[in-house]
Each structure stands twice: as structure tokens, then as C-alpha cells.
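The values are calculated or read from the model by the stated rules, or taken from the named source; none is laboratory data. Just so we're clear, the structure is a prediction, and the values are computed from it rather than from any experiment. Here the Cβ is made from the backbone with ideal geometry for all residues, glycine too, and neighbour counts use every protein chain on show. Side chains are part of the model used for accessible areas, which takes the heavy atoms of the whole protein and leaves out ligands, DNA and RNA. Shrake-Rupley method; radii C 1.70, N 1.55, O 1.52, S 1.80 Å.
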Amino acid sequence: MRKNVIYLLARQLWKDAFRSKVLLIASILMGGLLLFSAYSGWQNYNDQNHTRHEIQHEVQESWENNPDKHPHRMAHYGSFAFRIKHVLSVFDLGMENFVGNAMFLEAHKQNTVNFSEASMSTGLLRFGEVSLAMLLKVIVPLLIFYLGFNTIAQERENGTLKLLIGQGITRKEIVFGKWLGLWSLSLIFLFSIFLALLFFMILERHEVHADGLFRYVVLLVSYLLFFGILGAITVFVSAFSKTAKSALVKLLGIWLLFVIIVPKSLQAMGYYLYPTPSKIEMETAVEHDLVQLGDSHNPDDPHFKALKDSVLAANNVADVADLPFNYGGFVMAKGEALSAAVYHKHQSQLYEVYGKQNNLERYSAFINPYTAIKNLSMAFSGTDFQSFLHFKDQAENYRYDLAQEMNQLQMDLIPNKGETGPDVISSDYWKKFPPFHYEFLSITELFKKELISIIALLLWGVLALFGLLRLSTNLKAI
């Protein structure tokens, strides 16, 4: 292949595109949408993170300012954990507005994550918000299909394709020249959006480290590959269509399948095949198992009475007052461990169902490149479901550590009943417990969780290249 010929054909496609008013109108609309989505995304990120940081600070101050009291009362006083937004959430909102962002942490109970944006907004939010990623995932593919539907079909209709081949330009040069021109056109929109995103990352430089920059590069490369795949599909469909009109109809059908029909159908199918229990059913099942374990607050409970007898025997004493530690704190610690195990079991079962539902769509990435880029875009922007579960796990670990720390303080510093000594401890102990700090998923974990999407997108890239090569040998001039 001659590179100069390929570049010449690509430049010709650019000239034809810019002669059309469609590209001008599309560029103006895209520019307006870009400005709006960039501003609204940045404003939402700033406002939400500022609010969550402030409230998290107030929660910690409130915790530390508690007076001297019994540690178990502090365990029930509890705390809050707030999910901080990643700076790349400016790019892709993902599930950000539909999952909670705050969790109340208290002893013996795991609460749900509440206060999602959707729960406090109008129903219009259910239609989704305009984001930078939405422009690249939904609008730009439609533009690629529209700008490229006639790349070869119309050349064949006009007879210019036969003329080009007759002048010594090979079929491979024609195919790759058209593809390069179409792909490079899409880069105008891609680089405009990613330059805006880079600007926001520079503004937030104190929050961005190597992790954030690596996420940014992965997103950029993923979209470069995605647009290359779409360009190849466009050229391929155009080449095998008898007319430019039929090519446009086919490409619009493909867009509908990729973006709307397949994802929505698989979501509905996933819920049908793997139904999830309602909140009431879940809470009832948890409560049933907790009752079976026993009540750590009830001294006559059979399970904990047996535990008491075993502890007395192990320490060779006749009464809990003679134990070298506070027995009440010991029982609370055991009860906390048992209740946490029950919650963990039921939530693991629920997450397994969610995983099966999501995997149905995740594996569809091998037949739909839109699924692959959607999953990668959300994951590396920190707005996917796995990021939400990661926050929930961190909040639960913090809650469990807090409760068990209070139980340990009771065991060590509060005397048993019948013994003399203080029934409260110094508030200095509250200040020693660190505040909740959310850590985002690491790059390694992201790659592990999105391995299917990465492989699928790479396979689509290989398939696109193979398809262009095959097309370059089978392209019909008439």
C-alpha cells in the first residue's frame, strides 16, 4: 500500500465532509452539548464532593466531641461514611446518580447506602443526563455512521470507484483510505472532549495522581479503538450495500441494536432469569438468621448462656465478676462477629445474583462493542457498580472495626458488674479512632474486573482489521 495515496483519499473524504452542511450543524450542536455537559459535570462533581467532604468532617467532629461515656453507647452512637466522587466522574456519570452516597454506621446492623441523586430528583433523571461520555458513546457513533454511509456505496453508484481502480489505485488503498478519513474525522470530537477533561484534571491536580492519569490514558486508548471499530463497520456496510440509501438504513439499524435494543433487552432478560429479592424479603431473611443465632443483649439467651458457661470454665472462675476482662464487652464482640457474618452471607448471595445479571450483558461485549466501551468507560471513571460495591465494603469494614474497637475498650477499661470502678471512659479514646477515608479501586483491580470488556474490545479491533483486509481483496467496483 502507498501511504501517500491513502492520505490523499482520507483528505478527499475530509473535503467532502466539510462541504456538507451536516458536519457544520453537527459540530455546532456537539460544541454546545460539550460545553453544557462539561460545565454541568464539573459543577456537579465540585458541589457534591465539597458537600460530602464537609459533612464527613462534621461527622468526625461530632464523634470526637462526645463527652466521656460508656464505649457501647458510642458504638450505638455510630458514624457516617460518604462516597467521594472520582474526578473522572466529570467524564462519565455512569451509575453515579442512581446509587447511594452515604451510609450510617452503627453496631450490630449493616444499613443500606442512601441519598442517591435519583431518589431526590424528578423522574426526568431516569432518562439519563448528558455527559461527555454519552456524547462519545451515543452521538458520535451516529455521526460516524452518517458521515461514512456513502464512502464506497455512492462511489460505486457514481462509477467513480471503477475509475479509481482503473487509474491504478488498489482496492486496499481505497478501503484503508476511506477508513482513515472517517476515523480521523471522529478524532475531532474525541480530542475536543479529552482536552476538556484534561483541563479539569489539571484544575483538580491535588486530587489527581498517577492512578488518575493512567485511568485517563486507558479511557483515551479505549475510545480510539472503539471509533476505529465503528469506522471499519461503516466502511464494511457501505461496501456491501448496493446503494448509499440502503447502507444508511443498515447502519441506523446497527446503531439502534448496539446502543438501545441489545443493552435494554439483556438488562430485562437478566432480571427475568436471575430475579433479586425485595428489600423486605432480604431484611426478613437476615432477621430470621439473626434470631436463630441468639440475642447478645439477652443474658438468658440459650446460645450466649452456653458461651458464658464455656468462658467461665476456660478461665476457671464461678462468676463473670471474677473474669480478668469485662464480660459484657466480650459478649458484644462475639455478637458483632456473628451478626456481621450473617449480613455478609446474605449480601454475598445478593451480589452473586447481581453479578449474574451484569455478566449477561458483560459477555454481550463479544457481539456488541458498545457494551465493552460502556463498561470500560464507567469502570475507569469510577462510576460503575463495582466501584459502588467497593465503597460499601470499605464502609462495612470501617463500621465493624469501630464497633469492635468500642467492644475492646469495654473489655479492657470497664469493670465487670459488682466491681468498683468507672462506668465511663475518657473522650480521648474517641479522638484516637481515625475518620473514614474512601480509597478508589486500584488500577490492577480495575483491569481484573474489566478483563472481559478489554478482551472483547481488542477482539473487535482484530476483527475490524481482518474485515478491512478481506474487503480490500473482495471489493466490487460495479
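Here are some notes:
- Selection from the stretch 211-239 of residues that are without any contact (Cβ under 8 Å) to a residue 24 or more places away in the chain and touching a helix residue (DSSP H, G or I) at 6+ places or on another chain (Cβ under 9 Å): LEU213
- Residue check for LYS137: closer than 25 Å to TYR39 by Cα, of a type in the set (Lys, Arg) and touching a residue at least 60 places away in the same chain (Cβ under 8 Å): yes
- Residue list for the stretch 465-478, filter: assigned to a helix (DSSP H, G or I) and open to solvent by 20 Å² or more (accessible area, probe 1.4 Å): LEU465, PHE466, LEU469, ARG470, THR473, ASN474
- Residue match in the stretch 373-395 (condition: of a type outside the set (Ser, Thr, Tyr) and not in a helix (DSSP H, G or I)): yes
- Hits in the stretch 396-454 (condition: without any contact (Cβ under 8 Å) to a residue 24 or more places away in the chain and within 26 Å of ALA321 (Cα to Cα)): THR420, GLY421, PRO422
- Candidate set from the stretch 169-188 (those that are among the polar types (S, T, N, Q) and open to solvent by 10 Å² or more (accessible area, probe 1.4 Å)); member that is modelled with the highest pLDDT: SER184
- Scanning the stretch 183-210 for residues that are in contact (Cβ under 8 Å) with a residue 24 or more places away in the chain and outside any helix (DSSP H, G or I) yields GLU204, GLU207, VAL208.
- Top-ranked residue in the stretch 350-403 [being under 30 Å from LYS334 (Cβ atoms) and acidic (Asp, Glu); ranked as surrounded by the fewest Cβ atoms within 10 Å (Cβ to Cβ)]: GLU352
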